[in-house]
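Following: one structure in structure tokens, then a few remarks.
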Amino acid sequence: MLKTVDVGQLRPGMFIHDLDCGWMAHPFVRSRFLLAADDEIDRIRGAGLSKVVIDCARGLDVEDAPNVEEVRAATEAGIVALAAAPVAGMRTALDEEVERAAAIRRQATGLVKSVMRDVRLGKAVELDKVAPVVESVTASILRNAAALVGLSVIKDKDDYTFLHSVSVCTLLVAFCRSRNLDAQTIRQAGIGGLLHDTGKALIPDAILNKPGRLSEEEFAIVRRHPRDGYDLLRRSPGIGAIPLDITLHHHERHDGGGYPERLAGGAIGELARMAAIVDVYDAITADRCYHKGLAPAQALRKMYEWSMQHFDPVLMQEFIRCVGIYPVGTLVLLESDRLAVVIEPNDSLLLRPKVRVFYDVRRRAYCTPATLDLARPDGHGGADRIVRHESAETWGLDPARCTAHA
């Protein structure tokens with residue numbers, strides 16, 4: 001049986017099944033191993049891990065610990081309970097905004113590439129080029145957030161660093177907007193999101209794109225990027241306090257286990273706490289050379305479990321409401337035994353988004369794509385409901401083909 005236990009409950013003789021830290025670096029070559037000595041437990045603690053999964057069939061048990069299914073059920077209940085609160089409504093139809101959003105994303109990606117190239121050449125970041133792009137992102141989010149947020153699901157491993165910055169900008173602007181922050185704060189947050197990884201321009205490509213686990217020396221170099229980025233941006237005339245704070249502190253953790261300053265709780269600025277959530281969400285949903293990305297709905301549920309230690313729990317809940325219980329791009333199973341991809345959230349009924357049906361489970365065959373609004377009355381999609389989120393691999397489907405329907 002697999003159980004989730006606190007690190008404080010570990011002792012030699014237990015079998016680690018999962019270190020449960022998909023977004024964090026840790027000092028172990030493998031995630032599954034038998035704990036042989038106390039020093040291994042100390043290393044787990046030292047890596048900042050708070051909970052792990054043990055296999056009781058292969059090592060010692062913790063009798064009162066919950067099994068993984070109980071943890072999963074509690075997480076799902078907590079997530080669904082968040083659906084009671086509405087989010088900001090859309091102003092423009094999705095179909096009207098998608099093409100415009102795609103052009104904005106291309107423009108923003110090109111800008112990030114240019115910024116990184118200039119930084120490597122020793123040039124300062126030109127904010128007069130950054131601000132108009134952030135304005136375009138913000139305007140698109142205000143028209144219909146689902147368009148740009150939906151495009152964030154599509155990621156190219158070769159352009160990950162650039163697309164990640166654009167996605168963090170997009171998601172952070174959407175997050176700010178859902179919390180009704182003022183326009184100037186949203187613009188500054190967007191600039192921070194777009195430039196938060198500027199310091200990575202100073203990391204050698206051999207380390208940045210390394211397919212295997214980083215050595216301690218290599219990881220130390222990577223951990224310098226928030227401070228490096230902060231120092232670089234401070235040389236840019238007109239840079240605001242919010243982008244600087246986001247750049248320096250987006251890897252701080254709620255429990256004080258982050259870097260570079262090991263700040264905790266309220267000592268971390270609100271926008272930096274929001275950026276930390278957005279940064280991890282986009283990172284763990286991306287396929288990288290060293291790990292397979294999680295589906296958006298699965299990523300949210302995992303982050304919800306981590307939130308008491310790693311993220312501001314209240315902000316984590318608000319982010320889930322922002323992107324939806326089933327975020328754009330999520331593969332879902334409907335009561336009608338069909339698979340569909342979520343294409344747009346419903347601002348008042350988060351459990352009933354708009355979806356595009358494309359696969360018949362009973363026939364095990366692709367069907368003619370059709371759009372359903374699960375919030376509308378019978379005959380228009382309301383008669384159908386989501387049973388659960390799914391994985392393309394479970395059904396032997398091509399993830400790229402599923403994404404194409406989003």
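For the reader, a short list of remarks on this structure follows.
- DSSP-loop GluC sites (Glu not before Pro) across region 91-168, with at most 10 other Cβ within 10 angstrom: none
- Cleavage-rule hits (GluC sites (Glu not before Pro)) in region 227-289: DSSP loop, at most 15 neighbouring Cβ within 10 angstrom: E261
- Projected-area average for region 261-387 over all orientations - Cα convex hull basis, square nanometres: 9.7
- Just so you know, the Cα atoms of region 2-66 work out to an Rg and Dmax of 10.5, 29 Å.
- Relative protection proxy for 32-41, 52-61, from highest mean packing down: 52-61, 32-41 (other beta-carbon atoms within 10 angstrom).
- Here the ratio of the Cα radius of gyration of region 34-167 to 2.2 N^0.38 Å is 1.62.
- Translational diffusion of region 190-306, µm² s⁻¹ [Kirkwood Rh, Cα pairs; Stokes-Einstein; 4 °C; 1.567 mPa s]: 86
- Kirkwood analysis of region 94-323, using all unique Cα-Cα pairs, places the hydrodynamic radius at 17.5 Å.
- Those GluC sites (Glu not before Pro) in region 171-245 that DSSP places in a loop and that have at most 12 other beta carbons within 10 Å: none
- Over every Cα atom in the chain, the radius of gyration and the widest Cα-Cα span, Dmax, amount to 21.4, 62 Å.
- Sorted fewest first by neighbouring Cβ atoms within 10 angstrom, K113, K292, K3 come out as K292, K113, K3.
- Euclidean distance between Cα centres, region 88-139 to region 319-391, Å: 30
- Pairs beyond 24 Å (Cα-Cα), from K292/K354; K51/K292; K3/K302; K200/K302: K292/K354; K200/K302
- Applied to region 222-230, the Karplus parametrisation 6.51 cos²θ - 1.76 cosθ + 1.60 on θ = phi - 60° returns per-residue 3J(HN,Hα) values of 4, 5, 7, 5, x, 5, 4, x, 4 Hz, with x for Gly and Pro.
A short reminder: the numbers here are calculations on the coordinates, not readings from a lab. Note that the coordinates shown come from a computational prediction; the quantities given were computed from them, not determined experimentally. With ideal geometry, Cβ positions are generated from the backbone for all residues, glycine too; neighbour counts draw on all protein chains shown.
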